[in-house]
Amino acid sequence: MDYFKSEAFEKHRNKITNLLEKIPSVKSPSGWTYKGSMNVGGLEYFGFDESSDFCLVVSSNGRGLIDLSKAEKIARDYSEDFQLDETLLICEGFDILKDKTIKLASKYGGSLLPIGSKFGDRLRRVSPLYPCEDIIYQPPFEDCFLEGYNKNCVRIYRGFLYCYGFSFSGNYFVIADDSGILFWERD
């Protein structure tokens, strides 16, 4: 018997879907501020410098640097002459990140970015309405799939997700989709 066609599986799937749909949607989790979004045409990758909170975006039109603390683009490189390893998900930096290797998250799958922070909070990708996907913010010691242990979990994104991740400091996280990037800052 195929478990995935069984009544037991259907009951389990409905329970999980109902559990996830009870999680409230908010613009920002407690302790965080939604800083905004930036359109990035042709977005393919984004990543963070490990010793700062600068965000590198890689698109079909080159690379850009974003200072998340100021919510502004600070440098642009339209050149196609740079090192990008699509297998190891690393890219050479430029401008103030020159001589640095940046770890990336990819719209094509895979990520070298943290999905949790040193403070214990985490981002969880769930797909109860696939192909639409959600990002659930989970505070320390909570899990969106554990009833009774998910009371402070919140849905911060629903859409057609590319990739997501925390900065290495844990002070920012970014969600990327077909319109660009959305980002939050820890209060």
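The values are calculated or read from the model by the stated rules, or taken from the named source; none is laboratory data. The structure presented is a predicted model; accordingly, all values stated were derived computationally and were not measured. Using ideal geometry, Cβ is built from the backbone for each residue, glycine included, and neighbour counts are taken over all protein chains shown.
Some values worked out for this structure:
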quantity: Condition broken by GLN138, with the remaining ones in (1) polar (S, T, N, Q); (2) touching a strand residue (DSSP E or B) at 6+ places or on another chain (Cβ under 7 Å); (3) surrounded by fewer than 16 Cβ atoms within 10 Å (Cβ to Cβ) satisfied; calculated: (3)
quantity: Strands (runs of 3 or more DSSP E) contained in the range 29-120 and holding at least 2 residues touching a helix residue (DSSP H, G or I) at 6+ places or on another chain (Cβ under 8 Å), at pLDDT 95 or above and not polar (S, T, N, Q); calculated: 54-59, 72-77
quantity: Condition met for VAL58 (over 17 Å from GLY170 (Cα atoms), buried (at least 16 other Cβ atoms within 10 Å of the Cβ) and either among the charged types (D, E, K, R) or in contact with a Ser or Thr (Cβ under 7 Å, 6 or more places away or on another chain) (or both)); calculated: no
quantity: Pairs, first polar (S, T, N, Q) in the range 100-126, second at pLDDT below 95, C-beta under 8 Å, six or more apart; calculated: SER106/GLU86
